[in-house]
Amino acid sequence: MKTITILGATGSIGTSTLDLVEREPDRFEVLALTANRDVAGLAAAAIRTRAKLAVVADEACLPELRAALAGTNIGAAGGRSAVVEAARLGADVTMGAIVGCIGLEPVMAAIAGGKTVILANKEPLVSAGDVVLAAAARHKATLLPADSEHNAIFQCFDAARPERVRRIILTCSGGPFRTWTTEAMRSVTPEQAVAHPNWSMGAKISIDSATLFNKGLELIEAARLFPVAHDSIEIVIHPQSVIHSLVDYIDGSVLAQMGPPDMRTPIAHCLAWPDRMATPMAPLDLVAIGRLDFEAPDAERFPAIRLTRAALDAGGARPAILNAANEVAVAAFLDREIGFLEIAAIVEDTLAAYDPAAPESVDEVLAVDAEARSMARRQITVRGGALRGTNVKDIVA
Ligand code: NAD
Ligand code: MG
C-alpha cells in the first residue's frame, strides 16, 4: 500500500491519475488532492477516494470547499501555501499535475520528502531544471517522467550506458495545424487550436501542441532528464502518435515505446514502477492503425522549435524566460487578446528584451519568471488585441 498525493487533481492528468488509483484501492491510499478553483471536482474526488485532505489554491474558494466537505472527515485548506504544505505531507508518491511554473514550489516541497515524485508538470523542469534536479539528488527523491515522450525514452534508455546512446528522437504529432500555411494560421481561433487531433488535454498544453512550443518545452525537458548532448536530441513529426519516442544506440538499434494515445499508460508506468499495472486500454491494434508516418518539423512555420532550441543551448535564464512568456502569451491568446502567430512573436520579443543572470535558486527562478511575465504582458499591450471577447472558461470546461 502506497500513499499518494495528486497536485492538480482536477485537470486532465489529475483525473487520469485518479482513474487509475481508484481502480486499485488495495494499492493506493490517497493522502491529499489539490486544485485551483474546481471545488466541485475536487470535493467529489476527495469523497470518492476518502482522501485525508483537499486543498484549493484559490483561497476565496475555501468556504465553498468546506461546505462541500461538511459531514466528512476530510480536511480542507486553501491558498498557495496550503498547496505547498499538502505536497510536504510526505506521500510515498506525489503526482505533479499542476499546469505551469506555478507548480515549482509544490514540486520542490514534494521532492524534499525524499520519496517518489512523478512529473507531468513540465514547466518547472524547463524553468528550473538544475534547481529541481539538484534538490532531487540532495533529498534522494526519485523523479519519474509521466510526459508520454519522456516516459517512452525512460522505458527505452539504458541508464547504465548513456554513452552508448547516439540519439534521442522525440516524436511530435504536429498538432492541429501541421499542414497549414502560416497565412492560414494567422486567423485560427482558440476553439480550433485546443482541438488536438489525437490527445485530449488541458487548454494550455493543447495550445502548446498547436504552436509546437510543447515539443520545444519537451526538448528542454529531455535535455534535463537524460544525460545526452543537446544536439543528440531530435524531433520528428509522427502524426499518428503511436510511437511516443525512440532511443537510437551506437550499434544501430533503435528502441521505441508504442501505445495508444492515452496518458493513462505513461502515468500507470510511473505509478507502478518498477512493477507494471493493468490499465483499461485496449491492446494496440497495429493492423487497424495500418501505417506510421514521419516527417521533418518545419521551423519556418513553427518558430517555437528554433526559439526553444536556442534557449536550451544558451541555458541560464533563457528557458525560464521563454516558458514564462509563453504561459502569458497562451493565456492572452485564449482570452482573444492576441492572434495565434503572436504567441511565438511575444516569446521572441520577451527573450530579446530581457537577459538576466542565470537563476540559482527557486526564489531566483521565480523572480526571473515574474519579471519575464510582466515584460511579456507589456509586449501584449503593445501589440494590443482588438479581439477581446469570450474567456477561456467558455471554451474549455
Ligand atoms: P489542466 O489544465 O487540465 O489541469 C491543471 C490542474 O492544475 C488542475 O487541477 C488545476 O486546478 C490546477 N491548477 C491550475 N492552476 C493552478 C494554480 N495556480 N495553483 C494550483 N493549481 C492549479 O492541465 P493538464 O493538461 O492536466 O496538464 C498538467 C501538466 O501536465 C502540464 O504541465 C502539462 O504540460 C503536463 N502534461 C499534460 C498532458 C496531458 O495529456 N494533459 C500530457 C503531458 C504533460
Ligand atoms: Mg508530451
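Quick look at the numbers
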read-out	value
Nonlocal amide H pairs with Glu360, under 5 Å, H built at 1.01 Å	Val365
Over 24 Å [Cα-Cα, segment 184-339], rounded percent	43
Three-way shape label, the chain, alpha-carbon gyration tensor, a/c 1.5	rounded
CD proxy at 222 nm, helix term only [per DSSP H run n ≥ 4: -39500 (n - 2.57); per residue of the chain; nearest 500]	-13500 deg cm²/dmol
Length-normalised contact order for segment 42-176 - Cα pairs under 8 Å, 6+ apart - percent	16
Förster radius 30 Å - calculated FRET efficiency between Val236 and Lys140, Cβ distance, rounded to 0.05	0.25
Charge context of Asp285, other residues only, Cβ under 15 angstrom, K/R +1, D/E -1	0
Kirkwood Rh, angstrom, segment 2-146 [1 / mean 1/r, Cα pairs]	14.7
Net charge over other residues, Cβ less than 11 angstrom from the Cβ of Cys61 (K, R count +1; D, E count -1)	-2
Lysines with Cα under 23 Å of Lys215, excluding same-chain neighbours fewer than 8 positions away	Lys122, Lys204
Mean Kyte hydropathy of -1.0 or more with a Cα span along the axis of at least 20 Å, helices from DSSP in the chain	123-138, 318-334, 362-383
Beta bridges per DSSP with both ends in the chain, % antiparallel, nearest 5	25
Packing-based exposure ordering (other Cβ within 10 Å, fewest first) of His196, His238	His196, His238
Whole-Å semi-axes of segment 124-215's equivalent ellipsoid (Cα gyration tensor)	32, 17, 11
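Every read-out reported here was derived from the displayed coordinates using simple, explicitly stated rules and does not represent laboratory data. None of these values were measured; they are calculated from a predicted model. We place every Cβ from the backbone using ideal geometry, glycine too, and count neighbours over all the protein chains shown.
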